[in-house]
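Engineer: Questions regarding the structure given below will be posed in turn.
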Amino acid sequence: DTVTVTGMTGSQTGDSPSLALTNTGAAVFGNTGAWTQATGTLLLTVAASQTVPVTADTTFAVVLTNKGVAQTAVTPTLSAGGTSPIAPVAMSTAILSSSGAATETWLTV
């Protein structure tokens, strides 16, 4: 099973097959996700012996390096694939607004 967050564009963080995740729900995804810079996509694969609970939030965070200049906030989409697929849906708030800070935590879902 997978969870995909797309549209987090504007980061300087290069592609990574194992970008570190933090926070209480990170273990559900093996504490890493696959990051693609060009599309701003974070692909999370549910780790062996783990499940995404249906009656509780799964909270994780990822740190990306911002552009050196300000950019307009983007609204990523979230989808899930596998045994309980979820069609892409826009996240409820525009996030990822950059003030030009070198590094900041951009996403907590």
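The values are calculated or read from the model by the stated rules, or taken from the named source; none is laboratory data. Computed from a predicted structure; not experimentally measured. Here the Cβ positions follow ideal geometry from the backbone for every residue, glycine too, while neighbour counts run over all protein chains shown. What goes into the accessible areas is simple: the full protein's heavy atoms, side chains included, and nothing from ligands, DNA or RNA. Shrake-Rupley method; radii C 1.70, N 1.55, O 1.52, S 1.80 Å.
Engineer: For LEU21, are the conditions met, namely being under 17 Å from GLY82 (Cα atoms), in contact (Cβ under 8 Å) with a residue 12 or more places away in the chain and either open to solvent by 30 Å² or more (accessible area, probe 1.4 Å) or not acidic (Asp, Glu) (or both)? Outline the logic, then answer.
Structural biologist: On the way: under 17 Å from GLY82 (Cα atoms): no; in contact (Cβ under 8 Å) with a residue 12 or more places away in the chain: yes; either open to solvent by 30 Å² or more (accessible area, probe 1.4 Å) or not acidic (Asp, Glu) (or both): yes.
So LEU21 fails the test.
Engineer: Which residue, of GLY81, GLY68, GLY30, is touching a residue at least 60 places away in the same chain (Cβ under 8 Å) and over 12 Å from the mean Cα position of the chain (by Cα)? Reasoning before the result, please.
Structural biologist: On the way: GLY68 fails: touching a residue at least 60 places away in the same chain (Cβ under 8 Å); GLY30 fails: touching a residue at least 60 places away in the same chain (Cβ under 8 Å).
Just a single option satisfies the conditions, and that option is GLY81.
Engineer: Related question: In the set THR51, THR41, which member is modelled with pLDDT of 85 or more, in contact with a helix residue (DSSP H, G or I) (Cβ under 8 Å, 6 or more places away or on another chain) and surrounded by 11 or more Cβ atoms within 10 Å (Cβ to Cβ)?
Structural biologist: THR51
Engineer: Can you name every residue in region 58-72 that is surrounded by 11 or more Cβ atoms within 10 Å (Cβ to Cβ) and either under 17 Å from GLN12 (Cβ atoms) or not small (Gly, Ala, Ser) (or both)?
Structural biologist: So in region 58-72, the residues surrounded by 11 or more Cβ atoms within 10 Å (Cβ to Cβ) come out as 58-67, 70-71.
Once the filter is applied, which keeps residues that are surrounded by 11 or more Cβ atoms within 10 Å (Cβ to Cβ) and either under 17 Å from GLN12 (Cβ atoms) or not small (Gly, Ala, Ser) (or both), region 58-72 yields THR58, THR59, PHE60, VAL62, VAL63, LEU64, THR65, ASN66, LYS67, ALA70, GLN71.
Engineer: Determine, yes or no, whether ALA20 is part of a loop (DSSP other than H, G, I, E, B) and either farther than 21 Å from VAL89 by Cβ or at pLDDT 95 or above (or both).
Structural biologist: Values: part of a loop (DSSP other than H, G, I, E, B): no; either farther than 21 Å from VAL89 by Cβ or at pLDDT 95 or above (or both): yes.
For ALA20, the condition - part of a loop (DSSP other than H, G, I, E, B) and either farther than 21 Å from VAL89 by Cβ or at pLDDT 95 or above (or both) - is not met.
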